[in-house]
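Asks: Have a look at this one.
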Number of protein chains: 2
Amino acid sequence: MTDAKTDALIVFTPSGKRGRFPLGTPVLQAARQLGVDIDSVCGGRAICGRCQITVGEGEFAKHGITSSDSHLSGFSKVEERYAEKRELKAGRRLSCQTKLLADAVIDVPPESQVHKQVVRKRAEARVIDLDPATRLYFIEVEEPDMHHPSSDLERVYKALAEQWDVKDVNCGLGIMKVLQPALRKGNWKVTVSVFDRLPGGVKEITGIWPGFHEKVYGVAVDVGSTTIAAHLTDLATGDVVASSGLMNPQIRFGEDLMSRVSYVMMNPGGDREMTAVIREALNTLCSNVAEEAGITVGDIAEIVLVGNPVMHHLFLGIDPIELGGAPFALATGMAMTRLASELDLNLAPGAYCYVLPCIAGHVGADTAGVVLSESPHTSEDIMLVVDVGTNAEILLGSKHRLLACSSPTGPAFEGAQISGGQRAAPGAIERVRINPETLEPRFRVIGSELWSDDPGFEESIAATGVTGICGSGIIEVVAEMYLAGIINQDGQVDGTLQEKNARIRPTGRTHSYVLRDGEPFIAITQNDVRAIQLAKAALHAGTRLLMDKLGIDEVPKVRLAGAFGSHIDTKYAMVLGLIPDCSLNNVQSAGNAAGTGARIALLNKAARDEIENVVRHIEKIETAVEPMFQQHFVEAMAIPHKTADYRHLSQVVTLPPHKTVITAEADGSARRARRRG
Amino acid sequence: MTDAKTDALIVFTPSGKRGRFPLGTPVLQAARQLGVDIDSVCGGRAICGRCQITVGEGEFAKHGITSSDSHLSGFSKVEERYAEKRELKAGRRLSCQTKLLADAVIDVPPESQVHKQVVRKRAEARVIDLDPATRLYFIEVEEPDMHHPSSDLERVYKALAEQWDVKDVNCGLGIMKVLQPALRKGNWKVTVSVFDRLPGGVKEITGIWPGFHEKVYGVAVDVGSTTIAAHLTDLATGDVVASSGLMNPQIRFGEDLMSRVSYVMMNPGGDREMTAVIREALNTLCSNVAEEAGITVGDIAEIVLVGNPVMHHLFLGIDPIELGGAPFALATGMAMTRLASELDLNLAPGAYCYVLPCIAGHVGADTAGVVLSESPHTSEDIMLVVDVGTNAEILLGSKHRLLACSSPTGPAFEGAQISGGQRAAPGAIERVRINPETLEPRFRVIGSELWSDDPGFEESIAATGVTGICGSGIIEVVAEMYLAGIINQDGQVDGTLQEKNARIRPTGRTHSYVLRDGEPFIAITQNDVRAIQLAKAALHAGTRLLMDKLGIDEVPKVRLAGAFGSHIDTKYAMVLGLIPDCSLNNVQSAGNAAGTGARIALLNKAARDEIENVVRHIEKIETAVEPMFQQHFVEAMAIPHKTADYRHLSQVVTLPPHKTVITAEADGSARRARRRG
C-alpha cells in the first residue's frame, strides 16, 4: 500500500475554512488549528457537549470532495456514554471524539459556535453577536509537589496556559479565598470563568467551581428611579433565563430624582444611605433571578448596569449633589469596570460589574443603553429616539452625526404630581375615551382587558379596584378632553360646560373634568392639564432644538423607549404633540431599550468599546443654555402645538369639528397641516 | 546687531546633558526637553520648590563655555516671594523661574532629582535608587462648561495629559467619591498622586488634595508573627519620617504560627477573625506613624507589606489551613498589587497595597524582603543569609545560583517554650556570663546597661524587675553552661555537680542550672537545653543541606537578619554551631532586613520587578523531603557540633580546659579545628 494516504482534507461549514491533517486527527483539534469557531468548555474531554458537529454527506461539488460518515471514526463509547447521560441529537457527533479518516465536510451548527447570533424579539432590532467577556474553561491542575514547590494559583495559571493557551491571567482576593477548597473538592479538576475585558488587556479569573461546571451567567440591570429590572442571561447562549423587577427602595428618600438629590443636600451622608439601599436591592434582585433559574448567585460572573446620572452616581457611591444644579457636572461619565464586591454585590467571588458610560449631566448610562439597543449611530436614516422618564432623554441623528439632550418634562408622564396620578400598576387607569357628544368617559385599568362600560368590568378589577390614573392614561384623557372640546388649544378647561354637563365642575377659580365620580374620586384639574402641557412642551422643545441643530424639519423614524414608550398609544402622543410630525407607521415602541442595551453590552465585548466610543462623539446639547429651547417651549404649550399634523389620525380618532381639519392622505405621509377654523 | 545670538548652550551637571535653546527659555523647560532629571510637583508654578538648581561659575574648560549668574535672568520677584515663604539656600534658584540668557552650566543638586539615591545606615548595604511608583502632580483643571458638557474626571485626565504628559490614567471609586469636593475646594487646582505600577501598564489616581499638596507618603510594613513594624516614608526623599511597632494581636489566637493554623482548624471562620485583627492593627499602626509625623493617613498613598506565608495569607484573607501540613501548598505566592481599601486599610482613597512574593510554603514574603535588602542574587561571593523567627529561613548562594529553605527551629530562639523564656522586652535577660570556676552567673537585662553584679543594678531595673529570659539570653546561657562544663557535648546537665554547687539542682530525673534564685526563679532545665539543641541542629542542618546542594564546605559571608540577628552575640551563635564555620569578621547583622526589603520595594518600582523575577529563579528546597536533612540534623545535636571551629573565640571567651583547644590564628580565618581531649 505505497499509495496509502496519510492525511486528509477537512472543510468546515459555514466558515469555509479548510486544511489537510494527518489521519486520526480529532475534528476539534483540526478546527482549533484552522481557527474555526467551535465552542468547548471541557477542552476535548467529552464532558461539556458544546463541540457538536454534523458531517456533510455525499458529493460536495463546491469542495470537490466526497464526504460521508465513513470518512470519520465511528460513534465511540465515549460518545455513547455522553448521549446516555446528556443528549445527542441524531446525526450529531462530539468533534473532540471524532477522528478524521478521509476527506470530510463538517458542519458546525450555530449552537456549537462561540460567536453565535442572538435573536431579538423585534424583527427590526439589531442582531446581537455573542462574544461575552466571560468564558468558562475546564482545567486539570497539577497537584502540589514538595520537591518542586509552587503555589496552587501558579499551577492554575499553568493549566490555563497549557490547556487553553489563555495567558496573562490575574486573580483577585475573592477567588484566592475559594481557590484551595475548590481545587481539593474537585480533585484538581476545576472550571474557571475568565473575564477578558480589563484595562491594559489583563484577564482575570472571576469564578471557580470544583470539577466540570457547565454554565456561567451574567445579569443586565436597568436601575431606574422608580423600578429596577434585572435580566439573568446565559452567557453561552445569550438567552434570558429569568427576569425580575423591584421598586427602587430609594423612593422613600424622594419620589423623583431631584427630591433625592435634595435629600442629600438636607441630610449630609444621605447619599450613603441611598447607595446602601440600591446595592441591597440589586442583591435581592440577583438572588431572585438566580432562584427563578435554579442557580446560585455564585454562578453569576458578570453584571452590566445602566441608569440615569443620579442613579449611576448613587450606585457607585458618589454624592450626586453636583447633578442637582448648574452646571450639572458629572463626577465621571466614563464607562467603568469594577469588581462587583467593591460595589457590595454578592455574585461569583471575582465577578465584575460594567457600568455603561453617561453621556452628559442629564443624559445617563440608561440613554447609552438606548443608543446600543436602537443604534441610531449606525443608521443611514435620521432617527429620533425618545426615552421618557422623569426627564425625557432625546437622541436625534444617524451614523453621520448624533445629538443628545435631556428635556425637563417633570414627572407628569409617569403619573406623578397629577391630582389622581400614580405609577403604572394594577388598578391604574391607562386608557380613556370621552364621548364628544355626552362627554361621558370610559376607561380601562391595568389588570383588566375590559372597558369600564363593559359588562363584568367591576368584577374584573375586584382585586385592586380603580386606584388612580397613570402616565398613559393622563395623556389619553387630556388628548380626549381636547378632542371633545372640554379644553381649548391653550389647555383651558371650558367652564361654561359646567352648566350643561355635571362632568365639568368648578375647582377653586378653575374647572375640572370628573373622570370617575366614585371612590376614589378622580378628576382632571386645570393644574393636571397644565402639568401635561408643560411636560409635552418640554419634550417637543427638546426634539425641536435637536432638529434645528441638524437643520431638519421632519423625522423619518421615531422610537419611543421605556415604559412610557411601551404603554402609550402613539396616536395620542401625536395629538398632544409629544413627538414631531411623521407617519404613525414609522413610530415604534423600543420597549426597555436601556435594559436591552445593558444586555447587548453583557453579551458582546465589542459593544462596550462601541458605546464608549460613540458616547465620546455624541454632541451633547444642554437645553438650559440654548435660547431657542425656551422659545420652542413657549410655542409648544398649545394643543395641538403649532406644527402638528393630524391627517393620519382621521382614521382612528374622531376630531371635533371646531379644530384642525384633518385630511387623510393615501400614503399616510407626514406633511405640514393646513389648519382651518 | 546682526550677529546677536538668539540661542544659547545649556549644560546640566551631573548628567552632562546639553542642548541649545532660544534665549529666554526657562531652565526647567530646557531640562525637561533634554530629559534631565529635575523634580517638580507644581509644574513650573514656583510653588513646590523642588526644581532648585545652582549655576556653575567661571570657565568650564570641559564644556568650553563660560558660565556665570549673569548668563541667567536675575532673581525674580516670584523667587523672592518663594524664598520669604519657604526657604531658598544661597546660590539656589528655582529653575522654573530662571531663564537662559547666554551659555550656562547648571548643576542639579541631589535633592532636586527625582531619581536620587537613598543612603542606608549600613555602609555595605545596597543603595536604594529612588523611583517610587507614586508621584504627585499639581494640576489646574478646566471648570465645567454647560456648552461643552464633560465630567470632572475627564477634565482631570485632560489636565494630567496636557500639563504633565501623563496619559492612560484610571481612577477607582475611592477617588471618585472625593473628586468633586476636592476640585471645588481647591478652586479647580488640585494635587493628585498617580500610581504607576499596575498590570498592563495602567496608571491610577490614588489621592487628590485641594490646591497644592507637597508631600505624599508610603508605609513599609513587616508583619511578623509576634510584632508588626511600620515605617512611614517620604516618597520624594526616601526618608523614614516615623516608625512604630505593635504586638501582633493574633497572639491571642496562638503564640506561634502553627497554633494559629490549629486555631483555624478547630474554629471554622477563625481565619476571618485573625484577618480582621491584623488589618485593624495595621490601621492602628498607620495612624500612629501618621500622627507621629504630623500628617494624616490620607497622605499615605501606598503600603508595601512583607510577612511569612501564614501572615501573608491571613492578611490577604486566605485561609492558611493548607500551610499547616504537607505539601504546604500556598494558595498564591505571587506578588500582589491590590487596592488598600479592598484590604480594609484606611489610607488615601485610592491607595494601593503591594505584597511581596512568597518563595515557598515555608519561605514567605518576609524572606523575599530579606533577599531585596541583602541582595545575595547580585553578589559575586556566596552569601548565607539567615532570618530566624519561629522557623529559620535560610538563603544561600550568589548571583549565579540562589537556594532557599526553611528549617523548623521551633520558637526556642524567640524565648518561647523555654521554662523561664519570654520575648525580647524590657526585663528579659539577654546576656549571660558564667564563671567557670564558681559557676556563678552574671547577666544583663533589656532596659539596663548594667550587669547584675554591678553596683546599682537593682535600681536600674526597678521599673520592670527581671521578668524572664529571651532568645539571645538562652543561647548565651547554654553556650556558657557548655563552656563552664555544666553541660557536656551531648547537652546533658552534669548532675554530679549538684554536690559541689547549689546552682545545680535536680529537676525530676534530670538537673537544672539556677540562673536566678529569686523572684522570679529562673532555671535552665534539661528540657530547655534540649529545645535549644533541637533548634540549633535544625538551623545547622538547613544550612548544611543548602551547602551540600551548592557543593561548598565553607561560607565566605554570613548575614543574620531579624531581631535574632540584631540581638545575638555572634560568638555564642558560633559556639553552639548555629552558623557554619567562618571568620567572625564576615558575620554581620542585617537588622530588620525583611522590613528594609519592603522599604526598597516601596521606593523603587524596578525592585518589585526584580524581586518577582528573582523569586521565580530561587531554588526552593523543602527540608521535609530531603533525606540528608535528617542526617545533618542528628549530627548537629551535639555541642559544639562536629565541624565547629573555635580558634577565633580564644580572644573573647574563656574556654574550659577539658574541651576543644582553640588556637588563635593571626588572620582570624576559619579552618577546620583539630580537637583534642
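Asks: Quick check on my filter: what residues within the range B:348-357 are touching an Asp or Glu at 6+ places or on another chain (Cβ under 9 Å) and within 11 Å of chain A (Cβ to nearest Cβ)?
Replies: Selection gives B:Cys353, B:Pro357.
Asks: Hey, any hits in the range A:324-333 for a residue that's touching a Ser or Thr at 6+ places or on another chain (Cβ under 9 Å), more than 10 Å from chain B (Cβ to nearest Cβ) and in contact (Cβ under 8 Å) with a residue 12 or more places away in the chain?
Replies: The answer is yes, given that some residue of the range A:324-333 is touching a Ser or Thr at 6+ places or on another chain (Cβ under 9 Å), more than 10 Å from chain B (Cβ to nearest Cβ) and in contact (Cβ under 8 Å) with a residue 12 or more places away in the chain.
Residue by residue, here is whether (1) within 25 Å of A:Thr191 (Cα to Cα); (2) in the same structural domain as A:Val240 (by TED's automatic domain parsing); (3) at pLDDT below 90 holds:
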| site | (1), (2), (3) |
| --- | --- |
| A:Arg20 | no, no, no |
| A:Gly24 | no, no, no |
| A:Ala30 | yes, no, no |
| A:Ile38 | yes, no, no |
| A:Gly43 | yes, no, yes |
| A:Thr66 | no, no, yes |
| A:Ser70 | no, no, yes |
| A:Ser73 | no, no, no |
| A:Glu79 | yes, no, no |
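Asks: Would you confirm whether or not the range B:152-168 contains a residue that is more than 38 Å from the chain's Cα centre (by Cα), loosely packed, with under 15 Cβ neighbours inside 10 Å, within 14 Å of another protein chain (Cβ to nearest Cβ) and touching a residue at least 24 places away in the same chain (Cβ under 8 Å)?
Replies: no
Asks: Can you go through B:Leu345, B:Leu314 and tell me which one is under 26 Å from B:Gly172 (Cβ atoms) and more than 12 Å from chain A (Cβ to nearest Cβ)?
Replies: Exactly one residue qualifies, and that residue is B:Leu345.
Asks: Next up: For the range A:528-559, give me the residue count where each residue is outside any loop (DSSP other than H, G, I, E, B), β-branched (Val, Ile, Thr) and touching a residue at least 60 places away in the same chain (Cβ under 8 Å).
Replies: Of the residues in that region, 3 qualify.
Asks: Regarding A:Ser406, is this residue part of a strand (DSSP E or B) and among the polar types (S, T, N, Q)?
Replies: For A:Ser406, the condition - part of a strand (DSSP E or B) and among the polar types (S, T, N, Q) - is met.
Asks: Quick one: how many residues across the range A:69-98 are over 43 Å from the mean Cα position of the chain (by Cα) and basic (Lys, Arg)? Break it down into steps so the answer makes sense when it comes.
Replies: Filtering the range A:69-98 for residues over 43 Å from the mean Cα position of the chain (by Cα) gives A:69-77.
Within this subset, residues satisfying the condition of being basic (Lys, Arg) are A:77.
Number of matching residues: 1.
Asks: Among the residues of the range A:153-166, are any charged (D, E, K, R) and at positive phi? Full working, then the answer.
Replies: Our first condition is that a residue be charged (D, E, K, R); within the range A:153-166, this holds for A:154-155, A:158, A:162, A:165.
This time we only want the ones that are at positive phi, so: A:165.
The answer is yes, given that some residue of the range A:153-166 is charged (D, E, K, R) and at positive phi.
Asks: Here is a list of conditions, (1) closer than 28 Å to B:Val127 by Cα; (2) modelled with pLDDT of 90 or more; (3) crowded, with 22+ Cβ neighbours inside 10 Å, and B:Ile621 meets all of them except one; can you say which number that is?
Replies: Tallying (1) closer than 28 Å to B:Val127 by Cα; (2) modelled with pLDDT of 90 or more; (3) crowded, with 22+ Cβ neighbours inside 10 Å, B:Ile621 fails exactly one: (1).
Asks: Another one. Just give me the residues in the range A:300-310 being more than 14 Å from chain B (Cβ to nearest Cβ) and either under 14 Å from A:Ala230 (Cβ atoms) or surrounded by fewer than 24 Cβ atoms within 10 Å (Cβ to Cβ) (or both), in sequence order.
Replies: Answer for the range A:300-310, where residues must be more than 14 Å from chain B (Cβ to nearest Cβ) and either under 14 Å from A:Ala230 (Cβ atoms) or surrounded by fewer than 24 Cβ atoms within 10 Å (Cβ to Cβ) (or both): A:Ile300, A:Glu302, A:Ile303, A:Val304, A:Val306, A:Gly307.
Asks: Let me ask something else about it. Could you please find all residues in the range B:423-459 being charged (D, E, K, R), within 28 Å of the chain's Cα centre (by Cα) and either exposed (fewer than 15 other Cβ atoms within 10 Å of the Cβ) or in the same structural domain as B:Asn248 (by TED's automatic domain parsing) (or both)?
Replies: If the condition is that a residue be charged (D, E, K, R), within 28 Å of the chain's Cα centre (by Cα) and either exposed (fewer than 15 other Cβ atoms within 10 Å of the Cβ) or in the same structural domain as B:Asn248 (by TED's automatic domain parsing) (or both), then B:Glu449 is the only one that fits.
Asks: What tally of residues in the range A:19-48 results from selecting those that are in a loop (DSSP other than H, G, I, E, B) and of a type in the set (Lys, Arg)?
Replies: Residues meeting the conditions: 1.
Asks: Follow-up. Answer with yes or no whether B:Leu179 is in contact with a strand residue (DSSP E or B) (Cβ under 9 Å, 6 or more places away or on another chain), within 9 Å of another protein chain (Cβ to nearest Cβ), crowded, with 21+ Cβ neighbours inside 10 Å and not hydroxyl-bearing (Ser, Thr, Tyr).
Replies: yes
Asks: Return the residues of the range A:193-227 that are crowded, with 24+ Cβ neighbours inside 10 Å, of a type in the set (Val, Ile, Thr) and within 14 Å of chain B (Cβ to nearest Cβ); say none if nothing qualifies.
Replies: Correct list: A:Ile205, A:Ile208.
Asks: A further question follows. Being of a type in the set (Gly, Ala, Ser) and not in a strand (DSSP E or B) is the filter here, so list the residues in the range B:409-446 that pass it. Full working, then the answer.
Replies: First, pick out the residues of the range B:409-446 that are of a type in the set (Gly, Ala, Ser): B:410, B:412, B:415-416, B:419-421, B:424-425, B:427-428.
Within the range B:409-446, B:Gly410, B:Ala412, B:Gly415, B:Ala416, B:Ser419, B:Gly420, B:Ala424, B:Ala425, B:Gly427 meet the criteria.
Asks: Filter the range B:49-64 for residues that are in contact with a strand residue (DSSP E or B) (Cβ under 7 Å, 6 or more places away or on another chain), of a type outside the set (Phe, Trp, Tyr) and either surrounded by 15 or more Cβ atoms within 10 Å (Cβ to Cβ) or at pLDDT 90 or above (or both) and give the result.
Replies: Selection gives B:Gly49, B:Cys51, B:Gln52, B:Ile53, B:Thr54, B:Val55, B:Gly56, B:His63.
Asks: Which of the residues belonging to the range A:475-527 are assigned to a strand (DSSP E or B) and among the charged types (D, E, K, R)? Full working, then the answer.
Replies: Of all residues in the range A:475-527, those assigned to a strand (DSSP E or B) come to A:487, A:493, A:504-507, A:510-517, A:521-524.
If the condition is that a residue be assigned to a strand (DSSP E or B) and among the charged types (D, E, K, R), then A:Arg505, A:Arg516, A:Asp517 are the ones that fit.
Rundown of residues vs (1) within 19 Å of the chain's Cα centre (by Cα); (2) under 18 Å from A:Ala229 (Cα atoms); (3) of a type outside the set (Lys, Arg), yes/no style:
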| site | (1), (2), (3) |
| --- | --- |
| A:Arg272 | no, no, no |
| A:Val277 | no, yes, yes |
| A:Ser287 | no, yes, yes |
| A:Ala290 | yes, yes, yes |
| A:Asp319 | no, no, yes |
| A:Glu322 | no, no, yes |
| A:Phe328 | no, no, yes |
| A:Ala331 | no, no, yes |
| A:Leu339 | no, no, yes |
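Asks: Among the residues that make up the range B:348-363, is at least one of them at pLDDT below 95 and outside any strand (DSSP E or B)?
Replies: Yes, the range B:348-363 contains a residue that is at pLDDT below 95 and outside any strand (DSSP E or B).
Asks: Residue check, B:Arg260 against (1) within 14 Å of chain A (Cβ to nearest Cβ); (2) at pLDDT below 95, all met but one. Which one?
Replies: It fails just one condition, (1).
Asks: Can you report the number of residues in the range B:29-38 which are surrounded by fewer than 22 Cβ atoms within 10 Å (Cβ to Cβ) and within 14 Å of B:Leu94 (Cβ to Cβ)?
Replies: 1
The values are calculated or read from the model by the stated rules, or taken from the named source; none is laboratory data. No experiment lies behind these values; they were computed from the predicted model shown. We place every Cβ from the backbone using ideal geometry, glycine too, and count neighbours over all the protein chains shown.
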